[in-house]
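Student: Okay, handing you the structure first.
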Amino acid sequence: MMKWLSPRSALGIALITVALVALPFVAAMGGQAWVRILNFAILYAFLALGLNIVVGLAGLLDLGYIAFYAVGAYTWALLASPHFGLHWPIWAILPFGAALACIAGVVLGSPTLKLRGDYLAIVTLGFGEIVRIFMNNLNAPVNITNGAQGITLIDPVKFGDFSFSGTSQILGISLSGPQKYYYLLVALAILVIIVNVRLQNSRIGRAWQAIREDEIAAKAIGINTRNLKLLAFAMGASFGGIAGGIFSAMQGFVSPESFSLIESVMILAMVVLGGMGHIPGVILGAVLLTILPEVLRYAVGPVQTAIFGKVLVDPESLRMLIFGLALVLVMRFKPAGLWPSPERKRELAVKPQEVAP
Amino acid sequence: MSKAMGEVLLEANAVAKHFGGVKALRDVSLTIRRGEVYGLIGPNGAGKTTFFNCMTGLYVPDGGGFMFNGAPLIADAPHQAAERGIARTFQNIRLFGNMTALENVMVGRHVRTRAGVVGAMLHTPATRNEEAAIRQRAIDLLHYVRIEDRAEDLAKNLSYGDQRRLEIARALATEPSLLCLDEPAAGMNATETEALRELIEGIRRDGTTILLIEHDVKLVMGLCDRVAVLDYGALVIEDVPAVVQKDQRVIEAYLGA
């Protein structure tokens, strides 16, 4: 039963499609670096949507989400690089990496089932650090992860003979490596958006939201909260694993320092700042939080020169200062996020009713 | 209903529960029969809600146990109580505040539906049909408790009386054979209480057994087929309202000796 789209939404979809197709060419005008930044924005949107299942839907505060990204990244790095001399194809590694991340999610989830809020956050934070430290130290006595040096020369994404690295000609158009990855990432992002939307409006998604809202009431109407929380962790972790694999292939290099606590915090900030539980908001949060620091990187120096005639403050520290200030201001004036779900917006607009005893 | 009216639906055998030194329940035994409205009354702190929580698996009793529909109820498994057919509302309303009224009732269908993650992601015909059935049933239930015009409002923005009704609709969505209402009339005015009475009588007529915890003695005596009185965690009497009302121990428990 497909409903036909109204002309207005059909036009909207057409415009978005054109914009998505054209974007890497526009970005390339500023240099390939901007295409790479764009790619990271989409990759982070993918990650943020994975985390949104755990935090936004099920309401489980996870500060160690980057650990699953790390698991996916290292899975790809170890199975498709000269490090072990293995070169598995993408269709084998990505599901395998997602499965490993999923298992890691269950491993994290099971001891934390009775914890909520702050307590859960601290345990997940610890878990994230444990994974990173493992990656850092699993180089002795048997060298598995190559320690802090990381793994280099990782295979790019390949379908048959078509490689995503290097420039290639398609239909007479010359596409650079980052541009090709851009289209792959957009395809994956669309997939994760569809999965998110469908889960949100399903029996499982409603049960997650019920647990988020009131765990005792959820239990009382027959929701197996233990299994559903584990499921949320497992689903979120799988998406993290897939994103990690693509990251690994795109960079050609992984090391433990890519998976520090600040990365987890940033992804959580994308979810919260964009609008927790609201898919367009989460995407907006991810794109803004990836691109804003980069824009500032290029803008802070020249703007200072224009205003004061010279660079007064070191651009690098000023950049993060402005970025942090922007986060504070958004949360102060848009507590539900930049683009909250209509319901949540209504809720914050209407004062909660006084409920009699 | 396939089962005969009047047969035993729930049997509590010497249920005991203590919190530290406080004996909240002292060997409470009572039986609820199919098709009746069973009242559980007693002064504040008598152990009514504790009894409820033991029965629905939120607490594990320290002694005794429950038989429901001819089989023992497993303690410490609240979601299984709902699966077996026991639904409840809460004294201090516990709705899913940031979900709409309709979604609240739809969540109530969880235990009677099957769709999993894969079905939801692939959007299979079976999942879509089930989803449509869930939605339809939820709409019907909102009609049943007469708050259908609030379907798209967030639960937390409903009026107090409507929230109570929504909680009942959500409980009914689990298709319970025993519906437990914990002080549903608390904080209601006379008109709202009267409407609630009609609703409860309707639910009984439609074949659901009801366990009612209530402070409003008039409501309990008018509505219930049988009444049990708890005081200091112990069962004082279990009988028809006319007898309970005249019992000296009950009068003492309520008014003080």
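Student: Farther than 28 Å from A:Asp62 by Cα and loosely packed, with under 14 Cβ neighbours inside 10 Å: does that describe A:Phe164?
Tutor: In short, no.
Student: I need the full set of residues from the range A:197-230 which are within 19 Å of the chain's Cα centre (by Cα) and more than 7 Å from chain B (Cβ to nearest Cβ), in order please.
Tutor: Answer for the range A:197-230, where residues must be within 19 Å of the chain's Cα centre (by Cα) and more than 7 Å from chain B (Cβ to nearest Cβ): A:Val197, A:Gln200.
Student: Now, a different point. For the range A:200-221, indicate whether the set of residues that are crowded, with 22+ Cβ neighbours inside 10 Å, within 21 Å of A:Met250 (Cα to Cα) and of a type in the set (Phe, Trp, Tyr) is non-empty.
Tutor: No, the range A:200-221 has no match at all.
Student: Select from the range B:101-124 the residues that are more than 7 Å from chain A (Cβ to nearest Cβ) and modelled with pLDDT of 90 or more and write down the one among them that is farthest from A:Ala210 (Cα to Cα).
Tutor: B:Arg112
Student: Which ones in the range B:228-253 are buried (at least 21 other Cβ atoms within 10 Å of the Cβ) and under 18 Å from B:Val15 (Cβ atoms)?
Tutor: Passing the criteria: B:Ala228, B:Val229, B:Leu230, B:Gly233, B:Leu235.
Student: If you check A:Ile37 against the conditions, is it under 15 Å from the mean Cα position of the chain (by Cα) and surrounded by fewer than 24 Cβ atoms within 10 Å (Cβ to Cβ)?
Tutor: On the way: under 15 Å from the mean Cα position of the chain (by Cα): yes; surrounded by fewer than 24 Cβ atoms within 10 Å (Cβ to Cβ): yes.
So A:Ile37 passes the test.
Student: Are there helices (runs of 4 or more DSSP H) fully within the range A:153-259 with at least 1 residues that are closer than 17 Å to A:Gln32 by Cβ? List them.
Tutor: A:177-200, A:225-251
Student: Further question on the same structure: Which condition does B:Asp140 not pass, out of (1) facing another protein chain (nearest Cβ under 10 Å); (2) over 23 Å from A:Leu230 (Cβ atoms), if it passes all the others?
Tutor: The one condition B:Asp140 does not meet is (1).
Student: Turning to a different aspect of this structure: Within the group A:Ile267, A:Ile262, which residue is surrounded by fewer than 23 Cβ atoms within 10 Å (Cβ to Cβ), at pLDDT below 95 and either in contact with a strand residue (DSSP E or B) (Cβ under 8 Å, 6 or more places away or on another chain) or in a helix (DSSP H, G or I) (or both)?
Tutor: A:Ile262
Student: Taking only the range B:32-45 into account, find how many residues are in a loop (DSSP other than H, G, I, E, B) and either in contact with an Asp or Glu (Cβ under 8 Å, 6 or more places away or on another chain) or not assigned by TED's automatic domain parsing to the domain that holds B:Asn13 (or both). Write out each step before concluding.
Tutor: Initial filter on the range B:32-45 (in a loop (DSSP other than H, G, I, E, B)): B:34-36, B:42-45.
Among the residues that remain, those that are also either in contact with an Asp or Glu (Cβ under 8 Å, 6 or more places away or on another chain) or not assigned by TED's automatic domain parsing to the domain that holds B:Asn13 (or both) are: B:34, B:36, B:42-43.
Within the range B:32-45, residues that are in a loop (DSSP other than H, G, I, E, B) and either in contact with an Asp or Glu (Cβ under 8 Å, 6 or more places away or on another chain) or not assigned by TED's automatic domain parsing to the domain that holds B:Asn13 (or both) number 4.
Student: Here's something else I'd like to know. Quick check, is A:Leu138 on the phi > 0 side of the Ramachandran plot and in contact with a Ser or Thr (Cβ under 7 Å, 6 or more places away or on another chain)?
Tutor: The answer is no for A:Leu138.
Student: Right, here's the next one. Go through (1) facing chain A (nearest Cβ under 9 Å); (2) farther than 16 Å from A:Asn224 by Cβ and name the single condition B:Ala82 misses.
Tutor: Here B:Ala82 meets the rest and fails (2).
Student: Pull out all pairs, ordered by first then second residue, where Cβ-Cβ is under 8 Å, the residues are six or more apart or on different chains, the first lies in the range A:1-22 and is at pLDDT 85 or above, and the second is assigned to a helix (DSSP H, G or I) and among the hydrophobic types (A, V, I, L, M, F, W, C).
Tutor: Going by the 8 Å Cβ cut-off, the qualifying pairs are A:Leu20/A:Val186.
Student: Scan the range A:304-313 and give yes if some residue there is of a type in the set (D, E, K, R) and closer than 24 Å to A:Leu57 by Cα, otherwise no.
Tutor: Looking through the range A:304-313, none of the residues is of a type in the set (D, E, K, R) and closer than 24 Å to A:Leu57 by Cα.
Student: Next question, about the same structure. Somewhere in the range A:186-196, is a residue hydrophobic (A, V, I, L, M, F, W, C) and either facing another protein chain (nearest Cβ under 9 Å) or over 30 Å from A:Ile154 (Cα atoms) (or both)? Even if it seems obvious, please write down each step before you answer.
Tutor: Filtering the range A:186-196 for residues hydrophobic (A, V, I, L, M, F, W, C) gives A:186-195.
Keeping just the survivors that are either facing another protein chain (nearest Cβ under 9 Å) or over 30 Å from A:Ile154 (Cα atoms) (or both) gives A:194-195.
Within the range A:186-196, one or more residues are hydrophobic (A, V, I, L, M, F, W, C) and either facing another protein chain (nearest Cβ under 9 Å) or over 30 Å from A:Ile154 (Cα atoms) (or both).
Student: Give the range B:111-140 a look and list any residue that's buried (at least 18 other Cβ atoms within 10 Å of the Cβ) and either assigned by TED's automatic domain parsing to the domain that holds B:His79 or touching a residue at least 12 places away in the same chain (Cβ under 8 Å) (or both), or say none.
Tutor: Passing the criteria: B:Val111, B:Ala115, B:Thr127, B:Glu130, B:Glu131, B:Ile134, B:Arg137, B:Ala138.
Student: If you don't mind, there's one more thing I want to ask. For the range B:143-167, name all the residues that are among the hydroxyl-bearing types (Ser, Thr, Tyr) and facing another protein chain (nearest Cβ under 9 Å).
Tutor: B:Ser159, B:Tyr160
Student: May I ask you to say which residue of B:Gly57, B:Gly39 is closer than 23 Å to B:Ala171 by Cα and at pLDDT 90 or above? Step through it out loud before you land on a result.
Tutor: Details: B:Gly57 fails: at pLDDT 90 or above.
Exactly one of B:Gly57, B:Gly39 is closer than 23 Å to B:Ala171 by Cα and at pLDDT 90 or above, namely B:Gly39.
Rundown of residues vs (1) more than 12 Å from chain A (Cβ to nearest Cβ); (2) aromatic (Phe, Trp, Tyr); (3) farther than 24 Å from B:Val244 by Cα, yes/no style:
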{"residue": "B:Ala169", "(1), (2), (3)": "no, no, yes"}
{"residue": "B:Ala173", "(1), (2), (3)": "no, no, yes"}
{"residue": "B:Thr191", "(1), (2), (3)": "yes, no, yes"}
{"residue": "B:Asp206", "(1), (2), (3)": "yes, no, yes"}
{"residue": "B:Met221", "(1), (2), (3)": "yes, no, no"}
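Student: Could you list, in sequence order, the residues of the range A:51-91 that are assigned to a helix (DSSP H, G or I) and surrounded by fewer than 24 Cβ atoms within 10 Å (Cβ to Cβ)?
Tutor: Looking only at the range A:51-91, we keep the residues that are assigned to a helix (DSSP H, G or I), and these are A:51-57, A:66-79, A:90-91.
Passing the criteria: A:Thr75, A:Leu78, A:Leu79, A:Ile90, A:Trp91.
Student: Show the residue pairs that are 6+ apart or on different chains and have beta-carbon atoms under 7 Å apart, the first residue being within the range A:287-311 and modelled with pLDDT under 85, the second being of a type in the set (S, T, N, Q).
Tutor: A:Val311/A:Gln304; A:Val311/A:Thr305
Student: Among the residues in the range A:328-342, are any surrounded by 12 or more Cβ atoms within 10 Å (Cβ to Cβ), at pLDDT below 85 and over 26 Å from the mean Cα position of the chain (by Cα)?
Tutor: no
Student: Checking the structure you have, find out if any residue of the range A:120-133 is at pLDDT 80 or above, under 30 Å from A:Met29 (Cα atoms), touching a helix residue (DSSP H, G or I) at 6+ places or on another chain (Cβ under 8 Å) and not aromatic (Phe, Trp, Tyr).
Tutor: no
Student: Look through the range B:58-69, keep the residues that are touching a Leu at 6+ places or on another chain (Cβ under 9 Å) and over 16 Å from B:Leu211 (Cα atoms), and return whichever of them is surrounded by the most Cβ atoms within 10 Å (Cβ to Cβ).
Tutor: So the residue we want is B:Pro61.
Student: Let me ask you something else. Kindly indicate which of B:Asn157, B:Asn189 is out of contact with any strand residue (DSSP E or B) (no Cβ under 9 Å at 6 or more places or on another chain), outside the structural domain of B:Arg34 (by TED's automatic domain parsing) and surrounded by fewer than 23 Cβ atoms within 10 Å (Cβ to Cβ).
Tutor: It is B:Asn157.
Student: Looking at (1) more than 20 Å from B:Thr49 (Cα to Cα); (2) surrounded by fewer than 19 Cβ atoms within 10 Å (Cβ to Cβ); (3) without any contact (Cβ under 8 Å) to a residue 60 or more places away in the chain, find the lone condition where B:Leu102 falls short.
Tutor: Going through (1) more than 20 Å from B:Thr49 (Cα to Cα); (2) surrounded by fewer than 19 Cβ atoms within 10 Å (Cβ to Cβ); (3) without any contact (Cβ under 8 Å) to a residue 60 or more places away in the chain one by one, B:Leu102 breaks only (2).
Student: Any residue that is assigned to a loop (DSSP other than H, G, I, E, B), exposed (fewer than 14 other Cβ atoms within 10 Å of the Cβ) and at pLDDT below 90 - is there at least one of those in the range B:22-30?
Tutor: The answer is no; no qualifying residue exists.
The values are calculated or read from the model by the stated rules, or taken from the named source; none is laboratory data. Because the structure is predicted, anything quoted here is derived from the model rather than measured. Neighbour counts are summed over all protein chains in view; Cβ atoms, including those assigned to glycine, are modelled from backbone coordinates with ideal geometry.
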